[in-house]
1. Tell me, which cysteines of the protein assembly as shown are without a disulfide-compatible partner by the Cβ under 4.7 Å rule?
2. Using amide H atoms built 1.01 Å from N in the peptide plane, name the residues 5+ places from residue B:394, or on other chains, whose amide H lies under 5 Å from its own.
3. Pop a pseudo-label 7 angstrom from the Cα along the beta-carbon direction at both residue B:109 and residue B:470 and give the gap in nm to one decimal.
4. Shortest first, in nm, what separates the label point of residue B:292 from those of the same position in the other copies (7 Å along Cα→Cβ)?
5. Which ³J(HN,Hα) values, rounded to whole Hz and listed in residue order, are derived for the range B:215-226 from phi using the Karplus coefficients 6.51, -1.76 and 1.60 in 6.51 cos²θ - 1.76 cosθ + 1.60 with θ = phi - 60°, glycine and proline given as x?
6. Which three semi-axes in whole Å describe the equivalent ellipsoid of the range A:380-481, each the square root of 5 times a Cα gyration tensor eigenvalue, listed largest first?
7. Apply the a/c threshold of 1.5 to the C-alpha gyration tensor of the range A:1-127 and tell me whether it is rounded, prolate or oblate.
8. What does the charge count around residue A:348 come to, taking other residues whose C-beta lies under 13 Å from its C-beta (Lys +1, Arg +1, Asp -1, Glu -1)?
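None of the figures in this text is laboratory data; all of them are computed from the coordinates on show. As the structure is a prediction and not an experimental result, all values here were calculated from the model. With ideal geometry, Cβ positions are generated from the backbone for all residues, glycine too; neighbour counts draw on all protein chains shown.
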2 protein chains.
Amino acid sequence: MENKLDKIMDVALKRGFFWPSAENYSDKQAGFFDYGPNGRALKENIIRIWRKELVNKEGMIEIDGCQILPKSVFVASGHLTSFNDPLITCKKCKFKIRADQLIQERTKKEVPEKLSMDEYDKLIKKNKIKCPKCKSEFSKTGIWNLMFPLGIGTERKEAYLRGESCQSIFTSFPRIFKTSRKNLPFGIAQTGKVFRNEISPRQNLLRTREFNQAEIEVFFNPETENDFKLKETKLNFHIKNKVQRISVKEAVKKKIIISNLIAHYLVLLKEFHEKLGISEKEMRFRKLEDKDKPFYSKETWDFEVLTSTGWLELVACNHRSDYDLKGHGRISKQKLDVVDEKTGKRVLPNVFELSAGIDRILYALLELNYKEDKKNERTLFSFKPKLAPVFVAIFPLVNKEGMPKVAKEIFNQLNEEFDCFYDESGSIGRRYRRQDEIGTPFCITVDGQTLKDKTVTLRFRDDLKQIRVKITDLAKKLKDLKI
Amino acid sequence: MENKLDKIMDVALKRGFFWPSAENYSDKQAGFFDYGPNGRALKENIIRIWRKELVNKEGMIEIDGCQILPKSVFVASGHLTSFNDPLITCKKCKFKIRADQLIQERTKKEVPEKLSMDEYDKLIKKNKIKCPKCKSEFSKTGIWNLMFPLGIGTERKEAYLRGESCQSIFTSFPRIFKTSRKNLPFGIAQTGKVFRNEISPRQNLLRTREFNQAEIEVFFNPETENDFKLKETKLNFHIKNKVQRISVKEAVKKKIIISNLIAHYLVLLKEFHEKLGISEKEMRFRKLEDKDKPFYSKETWDFEVLTSTGWLELVACNHRSDYDLKGHGRISKQKLDVVDEKTGKRVLPNVFELSAGIDRILYALLELNYKEDKKNERTLFSFKPKLAPVFVAIFPLVNKEGMPKVAKEIFNQLNEEFDCFYDESGSIGRRYRRQDEIGTPFCITVDGQTLKDKTVTLRFRDDLKQIRVKITDLAKKLKDLKI
């Protein structure tokens, strides 16, 4: 089987989705990608749908905080002590690699996430793992911190690029609580760049050093954690290597899910991914075992989607209890407890987190929507219309008889409301193919008949159907098709 | 007169527009701000209008590149040698400050941007400037580079946070030219965070260490630089301390503007700011004299808006000639000349840049739209409807008789298309005032009459007018009002 990661990378390069950053410079580094026009638009559409289906629908607050934060914030969060990977160095050639990655590759077995340095050393010894470059022995496993340090101002005061987007949410919590007049429970969301100094970034967009997160932190009173009305929605739960498809209500009853609050947000997460066009059978919620979940987490669910690389984690859902506000309160010397209007009592809010990796979602959508239509000699992305980088392309059939003028008028009119693209170069067949290749769901062609009766051809990507539509009806017609 | 910068800061803090990042942490640093919900939405709306009026209207390409770039990119751009500020240090107390800033404050005269270190020393001596903290003498003026260095991977390879957003545009130019099938002239746009290690950040959002740019680089053949048809549009030109209001055609004819291409984009820039609600009398284009313009620039126009701090630069427009592609070609060892289809000849494209500071535009919009309406005992922001953080707020008059249910149904229906806000707490008068305070142009109230005839009150922010509208007509009515 062809490697699908390479295939998607190849397609992404050719069609302007993304490419390695500074690709032609001798000192370029792995793990950095630039989004081209189609990748940027696709990313923007994913975030727009995330905002609509999760943030706005739930009345959450969205902020946009700094990417550089002072040292004490990451002391409070634990990133400076705990945000580490195990690093091994070849004694001879000094080649460096992540211990867990190399062990997993060699043994083909999953390595738990929370091993001690000693345990890695034992696994390396037991499996006789040598340097892949020079076959020499590795040094003992060391700790590699993933944060990027920086010096601010002329004093070069210690600060860091954020390794996850949520810390501004915690540092801003008191001001938001004071100015927003929200009561518990309520969510604060943020999206933006995050940075991790990975030892060995790899697999295309899946593990990079600069990437995009969309995070939601729901603040709640643990006493009222079950005050959420649940739907009958069934989810695919993956627990200790078994899949169960049961309703969230039943899952809470059976203590598979710790509370109604968590169940409520897992359902929303499923619905959000359905809006992106991912089908239920391609998704699952995997409950992490104690040995795998982060140290602050009371319960962790990984939302996973089936891709060619296996089940890929797109969103991590953590019940963080009062870990965050406790740590931030201690370091910033503030009391972060608030009055819960419902109970009338003061409480230090607990936090439930939905941390989405936007680049992974984008990668998964590229892979799941990529199609090779041999019958019609074309390749396409079958994106949902509202996800597509270009929603509608507008062409004059030929560059004469006033067709370009009419086509441009239609472009200008529709461009107010939709993401449009105008193209007049090449044969009409080639222009259709090029739009298929980037997943444009609809194309409009101005032809001879247009000049007579003011109708145009509306062409559908998926079934290649073509219909005639009056120019004056286009806006309404397209609006109905934007699903 | 009250200091308007402080006033806006105060209002921004109270109403969730922005606040100092990590404000409660002992090691917080100056020059970092987090955007709260209303600031984030306002910023997003500015960028959306920028995209529509400049990027999409002109058929430009928009990318989203990395913020961390390898050293050689900034060797090519000249940032490592030329992106400097003059730094002086007190010999006694070691207080550090920007030489030009301090001289300007003390002499109340503008200091040219391109002085040598010697010239600063002379000005300090001539004006007898001492340390503002301890009155001692300053050391000689030194060079302070504004870039933030970083180490990538286990080898800590030298890299930097970008000091302006445009470098990815130049590093990606060959791939974009190859895959986009564009011909000269065409623009590539990018928006996102940039970082500068300012010596002394100050004035609220106006000079910070982490901020947002929206940049456009137009690539063109200098031989066809005048092939743009110009409108008769008049602009306010400020040249050598004199203002002239003449048409761009005349300005090109009189050699005030170097070419039609530049005139074309200056007009677009004016139109974009008008869409944001800034009036012509509040804007001007200032031509920089040779001693003030960047070293790579053949001609520089600063787009400025009149605020309480004086004329404030919002967008820098630079004719960068072939400076960028020459430098990048040399360092990356590529030939960056391309065939211009129009002339059939190979050419190294020249670049015209429109570099907008989004945070400054946001600050200017806050200041220009802030109003104190004493007659009606309220303060408001008179934002254009499509710029406002909340477009329409929906209230039940009282929390009974089924009014919240109807109001929530209207919220859910309108939230699909508009930025909506639902509020049921406090008196209706207070709820209106709170929306005025963040500039919400329209409020909808569900009252007793609604339950009888399915109409609601639509209330207008600016003139406080209230009209009755059928629920079924709301979406259309609001769409017409979204200007």
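1. Lone cysteines by the Cβ rule: A:66, A:166, A:317, A:420, A:443, B:66, B:166, B:317, B:420, B:443.
2. B:421, B:422, B:423, B:444
3. 7.1 nm
4. 6.2
5. Listing the rounded values in order: 10, 10, 10, 9, 8, 8, 8, x, 5, 10, 5, 9 Hz.
6. Details: eigenvalues 76, 46, 29 Å².
After diagonalising the Cα gyration tensor, the semi-axes are 20, 15, 12 Å.
7. Values: a/c = 1.90, a/b = 1.31, b/c = 1.45.
Oblate, since a/c reaches 1.5 and b/c is not below a/b.
8. On the way: positive: A:320, A:326, A:330, A:335, A:345, A:346; negative: A:223, A:322, A:324, A:337, A:340.
For residues surrounding residue A:348, the net value is +1.
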